[in-house]
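Contents: one structure, followed by commentary.
The values are calculated or read from the model by the stated rules, or taken from the named source; none is laboratory data. Source: prediction; values computed, not measured. Every residue, glycine as well, gets a Cβ built from its backbone with ideal geometry; the counts of neighbours run over all protein chains shown. When the accessible area is computed, the model is the full protein with side chains, heavy atoms only, and any ligands, DNA or RNA have been set aside. Shrake-Rupley method; radii C 1.70, N 1.55, O 1.52, S 1.80 Å.
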Amino acid sequence: MILNILHRPDSPERAHLFELEQQYAHENGIRTTILLTPEALHDRDQVATALRHQSEFGDELGLSFHGLTHESIVDLVGYGQEALWLFSLDQKRAIVSALASRFREVIGTDPLSVASYHLDSSTMAIVRELMPSVVAAVAGCFEEGVRVFHGCNHSWYLFNEGMPWGPWYPSKSHTLRPARDEDDWCGIVAVPHLMRDMVLSYEGRNDFWASHPPNVMRGMGYEGEDCPYDRNLIDLFRWQEQFNDGYSYYNSFVSTAWLAEHHAIDDRPEVAQSLYRQQLEYLGKLKKEDSVNDMTMSEFATWFRSERRIGSSELYFAKELLYGSRKHYVWYLDPDQRLLIDATQSGSIGDLRPYTGAVPVATGPESEQLAVGSYPFLVQSQHRTGMQNHFQDGSRTTAILHCGGLELDLGTCPTRVGAVTRKADVTVATLEPVTASLAGTQLSITTAIEIRSGGRTRFRRTISWEGTIAEISLTERIKCAPGTTEYPERMDGVRGAIMKSIETTTDGDELAPAESSLDYGYRGRSLEAESVSAVRGEFPSVNTAVELAPADGQMWRGLVEEGHLYSPYLTLSLTRLISRDQESAVCLQLSSL
Amino acid sequence: MSAAVEPVARMRCPVCFSREIDVLLLHRAGRYYCVKCSYQGDVNEVRAAYARIREKYKNRTTRIPFEQIESL
Ligand SMILES: [Zn+2]
């Protein structure tokens, strides 16, 4: 596993904590990347320390776009802000330019790496233009958004949901979307700000459960001065190597403020310091065992360029660590989609980001999105109900079985991931068979989900049972709602359609598939047809069409359901009868409009 | 008006925290109270509430060896 340890010196009053962090890293044989804030760049002592550590230990010196309340920034643009993403474009340009000059003046070189919790496409372009030396950037916080906004009492305006969990090649038009190819790439290798718990960051706040010991203290996931969770999370990331050609990446970025008295930690600073030291001791031990390879950010960018092709897929097999729930999720990502498979709901997709649509987003005061830099979703079961609560269910995929007038929603059938296989052209997650009772018959259901590039996901299921029942009705379904937050967004322009099978004329010529469609109007209408070739939804706000199509050569009945204001979704369903042990398959296909 | 109300750093409201919201408790005459919800208590009650919050993290003191991740 490759490791980046990032430190951010800021206020001279906390210089001793910066030195303490550096000491912890060096004592354990780990080199760091020191990302200097404007405050630190104007503090002669901290600059001297950074330069000494650069020559003595091989640490890298870069620039942090945080702590922009320093008087040098106020003098430049008229006021200060905590972070770069909050300024207008002309102010960003002036600040980046001034910081580049200051860095060169006191460090003597140009920075190779920079850091910001959020680096939207317009700011990234400014960095590329004014700091061409930069090859690596901390450019986003995985799944930071709605939960953290709430959690900070609705005061933390940083929305970075829908991004890669590991290093990526940001596209030019949306930093959080992985680039398709060299032309689409912004030119900088990005890493996330911290590695996140891939279960708990989806289910709750990402800033409790991360590669950051004081964050875990914030979440109260420790006891006394002991936090085995910190080391469990490191090992779970190491364990991912088997799914990504032997590659895994980890970083930690604890700023000095977290080792001092902190408003979000109800404990002594010495405990935060101890837990951070313990984390680095464990990483140092892994380095000695050759299980971890520490690099600076720019070294990592070079490694990434040579070893990870633009357009590669990434997989994370997430296992729950803290509650002991034994829950499993599988995350998959490539330039066409990011999707989350929830084994506890028998393989429901709980989150789907249709990168195929390549929606351009720039944030900032003059942008339409303001601070919301998330890549929009088509399915998000945490923000949009998911499994039914009191009324209807919300956005998710599921399969529903009918027999003898009774219904079984596979979302209520918890199972675990039995195996994940990764091949060049296909990734397969096979779930452990789940047993359930329906109309007095014991069923055993096996689900396999196959994911291919091009935004294609195939659900294969086999249902076995004992007894006299000849056939069971199976419905495969996706319920979509485009958006970025938990509140519904206007469905203007959304269209649902049923595509009938291709008809052939008496001359053998193929006619275009017959189609019936409806334009979304919150009127609860539906379209239904026998033997369809696909059910389709079009979502202009994410520039994406979704098709659910038979993939087993069988006849499926199609249903498209428009929602209403109390259920603002578009639902696409396919239904057919299946017999015992017969395999069914449907394909979910994303494409741009 | 008395100016005896002072924010207490590093003590978050346990009720708001259970909703995953960080709200600092305010302090008056030995009692802590929340401005976002109706919680109030003394320092021992706040600490006891934190201990109860931690209980749901059943693995908070459990080291899971690398070799056991496969079967986790
Ligand atoms: Zn409260």
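Interface size, chains A and B: roughly 3200 Å² of accessible area buried, both sides included, 1.4 Å probe, rounded to the nearest 100.
If you take all other residues with their beta carbon under 13 Å from the beta carbon of residue A:254, and give Lys and Arg +1 and Asp and Glu -1, the sum is 0.
For the range A:124-162, heavy-atom accessible area (probe 1.4 Å) falls by no less than 10 Å² from the chain alone to the full protein assembly at A:150, A:151, A:153, A:154.
Of all the C-alpha pairs in the range A:531-593, what % are more than 15 Å from each other? Within the range A:531-593, distances greater than 15 Å cover 56 percent of Cα pairs. One quarter of the surface of the convex hull around the alpha-carbon atoms of the range A:328-592 equals 16.0 nm², the direction-averaged projected area. Length gained on full extension, residue A:412 to residue A:291, computed as 0.36 nm times the residue gap minus the Cα-Cα distance: 39.6 nm.
Between residue A:307 and residue A:16, take the C-beta separation as r, use R0 = 56 Å, and let me know the FRET efficiency to the nearest 0.05.
0.90
Split the accessible area of the protein assembly as shown by element, probe 1.4 Å, and carbon with sulfur accounts for 49%. Judged by the gyration tensor of its Cα atoms, with axes a ≥ b ≥ c, the range B:6-55 is oblate; a/c meets the 1.5 cut and b/c is at least as large as a/b. Rolling a 1.4 Å probe over the heavy atoms of the protein chains gives the protein assembly as shown an accessible area of 38 Å² per residue. Cα-Cα over 18 Å: which of A:327/B:56; A:319/B:58; A:479/A:500? Beyond 18 Å between Cα atoms: A:479/A:500. Axis angle, to the nearest 10 degrees, between helix A:44-57 and the longest C-alpha principal axis of chain A: 70 degrees. Mean residue ellipticity, 222 nm, helices only, chain A: the sum of -39500 (n - 2.57) across DSSP H runs of n ≥ 4, divided by residue count and rounded to 500, is -6500 deg cm²/dmol.
Between A:575, A:533, A:493, the Cα set farthest toward the positive side of the dipole of the range A:477-582 (charges on each charged residue's Cβ, about the Cα centre) is that of A:575.
So how much slack lies between residue A:129 and residue A:525, counting 0.36 nm per residue of separation and subtracting their Cα-Cα distance, in nm?
137.5 nm
Each Cα pair under 8 Å and six or more residues apart adds its separation to the average, and for the range A:209-338 the resulting relative contact order is 24 percent.
Over the range A:2-309, the pair-distance histogram of Cα-Cα distances with 10 Å bins from zero comes to 6, 28, 39, 23, 3, 0 percent, rounded to whole numbers.
Output the residues of the range A:303-329 meeting this criterion: accessible area (heavy atoms, 1.4 Å probe) in the chain alone minus accessible area with all protein chains in place is 10 Å² or greater. Residues losing area: A:319, A:320, A:321, A:322, A:323, A:324, A:326. According to the Cα-based calculation, Rg over Rh for chain A is 1.01, with Rh computed by the Kirkwood formula.
For residue A:212, what charge total do you get from the other residues with a beta carbon under 13 Å from its beta carbon, if Lys and Arg give +1 and Asp and Glu give -1? Around residue A:212, the charge tally is -1. The angle separating the long axis of helix B:43-55 from the principal Cα axis of greatest extent in chain B is about 20 degrees.
Taking only Cα atoms, what is the 0 to 90° angle, nearest 10, from helix A:269-288's long axis to the longest principal axis of chain A? With both axes taken from Cα atoms, the answer is about 80 degrees.
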